[in-house]
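Comments concern the structure below.
The values are calculated or read from the model by the stated rules, or taken from the named source; none is laboratory data. On a predicted model such as this, the values are computed, not experimentally measured, just so you know. A quick note on method: Cβ atoms are made from the backbone with ideal geometry, for glycine too, and the neighbour counts reach across all protein chains shown. Please note that ligands, DNA and RNA were not included when accessible areas were found on the heavy atoms of the full protein model with its side chains. Shrake-Rupley method; radii C 1.70, N 1.55, O 1.52, S 1.80 Å.
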Amino acid sequence: MNSATNVGGRRGKRMISLLFSAGCLMATMLCLMMLLVLLWSVISEGAAWLNWDFLNNFLSRHPEKAGIKSALAGSLWLTAFTALFSLPLGIGAAVYLEEYAANSWWRKMIQLNISNLAGVPSIVYGILGLGLFVQTFALGRSVISGALTLSLVVLPIIILTTQEALRGVPDSIRHASYALGATRWQTVYCQVLPASLPGIMTGVILALSRAVGEAAPLVAVGALTWVTFVPSSPMDQFTSLPIQIFNWSARPRPEFHQIAGAAIMVLLLVLISMNTIAVFVRYKYGKRIRW
Amino acid sequence: MSAKTIDIPDSTSVKPEPLTGDQVMDVGDQTIEIDDPTFTQAPVVDRPNTVGASENTVTRIRTRDLSVFYGEVQALKNISLSVPQHRVTALIGPSGCGKSTFLRCLNRMNDMVDGVRIAGNVWLDDQDVYDTGTDVVELRKRVGMVFQKSNPFPKSIFDNVAYGPRLSGIRNRSELHQIVEHSLKRSALWNEVKERLSDSALQLSGGQQQRLCIARALATDPEILLMDEPASALDPASTARIENLIFELRDRYTIVIVTHNMQQAARVSDRTAFFYEGRMIEDGPTKQLFTTPAEKQTEDYITGRFG
């Protein structure tokens, strides 16, 4: 009698285990399926429109003549300036927090706030950018305003990933450097930063790819959607790929939905290549260093 | 001879007393004449436990009542110890006895620990190491350090050794090369790596990495070399090489080595200090400490009754 319940219990446990793993597999498959459906719907609509003219034409009221030249150029300008603003600030802040700041309540408070900022919805940064850069600093609806706003969005990410990379450098390296008479600056510049560069690079590329894909903060800042020129200075008005996609997909004519699909393909291609570079950097340089 | 009973001539004066000119110090079988009248030196404690006058030598490092606190925990309790020039001084004792903490006070590496507090005095020659005016960077160039676990930089062999000289502003390629070759020869690594100086230091074996770290420390031309269990992570063959190396380096450098291996202390050191629970129980010539220890605790430790 006793042994019979035991066997029953064991069988029950095995069933639960089986069900659980099946459930996990289903969840994975569901995610994968949704991704595939999304990709399929985008490609089936957009692929026919994707050609050199599409990349090289400006906007047009006629879908067959419309292109993403200004949006692509705007995205490039934005990314370049976002990198320019956010890299020195983000890496500098991370170096300060990891290498200089004493472990005080002050540091802990900053740290907590940065972690919280990474979770703030990007539209909130957009509103801040509108008030601060566009209006208060009177930078207008320019590339600069957009890039500064996007910098706000990605700064917490860059700071956190850079900190992670710096923490990956063992203290024994710092001690060895100090013991040879290096100052803190020399230790950071000659040892810690080079050793953590692969990790920093990976984080930076992923953060910038987030910036490339953001639409909401730029809408708030007031990126135009009808730009038929390539920005020639940081003070020019601009549009970007996500905004162009948003604009086209909101139109009633189905052809515009199709060219939106083509633009999504371009955007995904850009993002995938950036992620590939990040993976490559981590793989190639990360492997050389074994602590 | 207990540390507690060492008689310090003038306990109120912490200022180094100048030596009179034309002093002659007996250093083994050679004599050093100091005829520089400006030469000053930290007060040297007269040690009755020093065997014979031939063991007398210039004291390079001297601590008095050195205490270290990590927060509320006192890791070192009133250590007074003198380190003689061109000798190997070994610090032995069980894990956590404070010997590494003591070593790291000598080049102020403990400064980097959060919440550390240091009381008492450390002199390097006539310089107060913990004086606010002391240039820590300069101090660490004079007092080199080798760590327990080999910690080469993830750079080439050449760049590892050249790091210290480069920090001092040496940029000339041939001069750097000369220093690197010289340092690697002294650490007995040159013949193994001379063909591959641009290879990554991380490709070297554990023993080679540790000798590379010694070469790196020698490249800044230090006077004192602190070694924190330099062979504890190595196999017996590599350990023997490091010990031979220490023996050779003794002629040029003043060495302080922390080890929990008593045989190693007996093999390589001239003087040994025994630490236990943050106190220095006893110090003296190595042979004497191992054969006729004055304190019961020392005897128990070296005969393997605890630790």
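Here are some notes:
- Max-minus-min Cα coordinates of the range B:167-233 on each principal axis give 36, 29, 18 Å, with the largest extent listed first.
- Averaging 1/r across all pairs of distinct Cα atoms in the range A:112-209 and inverting the result yields a Kirkwood radius of 15.4 Å.
- Protection-proxy order for peptides A:204-217, B:198-211, each taking the mean of Cβ atoms within 10 Å per residue, highest first: A:204-217, B:198-211
- Percentage of interatomic Cα-Cα distances in the protein assembly as shown larger than 33 Å: 60
- Other protein chain C-beta atoms within 10 Å of residue C-beta, averaged over A:182-191: 3.
- Per residue of peptide B:158-171, the mean number of Cβ atoms on other chains within 10 Å of the residue Cβ is 2.
- Calculated SAXS-style log₁₀ I(q)/I(0) at q = 0.15, 0.28, 0.30 Å⁻¹ - the range A:83-130, Debye, Cα scatterers: -0.51, -1.07, -1.09
- Subset of A:K108/B:K155; B:K99/B:K141; A:K284/B:K194 violating a 30 Å alpha-carbon distance limit: A:K108/B:K155
- Counting protein heavy atoms only, the protein assembly as shown has 59 percent of its accessible area on carbon and sulfur, 1.4 angstrom probe.
- Seen from a random direction on average, the alpha-carbon convex hull of the range B:217-307 projects onto 6.5 square nanometres.
- Kirkwood hydrodynamic radius over Cα pairs of the range B:263-306, then Stokes diffusion coefficient at 37 °C and 0.692 mPa s, in µm²/s: 316
- Computed Rg/Rh of the range A:191-232, alpha carbon atoms with Kirkwood Rh: 1.24
- Loop-located GluC sites (Glu not before Pro) in the range B:176-242 (DSSP state not H, G, I, E or B) with no more than 13 neighbouring Cβ atoms inside 10 Å: B:E195.
- Rounded FRET efficiency, nearest 0.05, which uses the C-beta distance separating B:E295 from B:E175 and R0 of 51 Å: 0.50
- The fraction of Cα-Cα pairs per 10 angstrom bin, counted from 0 for the range A:54-286, comes to 8, 28, 30, 20, 10, 4, 1 percent, rounded to whole percents.
- Share of Cα-Cα pairs in the range A:211-291 lying beyond 21 Å, as whole percent: 45
- Counting only the Cα atoms, the range B:92-163 fills a convex hull of 141 Å³ per residue.
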